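Only the coordinates and a few stated rules stand behind these numbers; no lab work does. All values derive from a computational prediction rather than experimental measurement. As a convention, Cβ positions derive from the backbone with ideal geometry for all residues, glycine included, and neighbour counts pool all protein chains shown.
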Amino acid sequence: MTGAEVLDIASQGIWTLLIVSAPMMIVGLVVGVVVALFQALTQIQEQTLVFVPKIVAIFITMLLTLPFCGAVMAGYMNQVVDMIIVGG
């Protein structure tokens, strides 16, 4: 296996990581901004108020995107296994 092939596998792995984690990260960001806006408008400065809505929203997003994430990871794993079997 050449250095270029290793870099290609690593690059695909990083893109897979970004694609799989993007839905949860985006939902966490949106929920955090909404809760921060709510806190700023009502002047409620409770630090723990942000965590529960974020955790619930990310958990629901994870459940909804689980088939998509599994398919993306399975596709990447199939590419890696094919490269192992073929030898390059």
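Numbers below:
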quantity	calculated
The chain: C-alpha gyration tensor shape, a/c 1.5 cut-off, then a/b vs b/c	prolate
Folded to 0 to 90 degrees: helix 51-86 orientation relative to the chain principal axis, Cα	0
Helix 3-42 vs. the chain, principal-axis angle (Cα, 0 to 90°, nearest 10)	10
Mean Cα-pair separation over length for the chain, i.e. relative contact order, pairs under 8 Å, 6 or more apart, %	47
Order of T48, T16 - criterion: other Cβ atoms within 10 Å of each residue's Cβ, fewest first	T48, T16
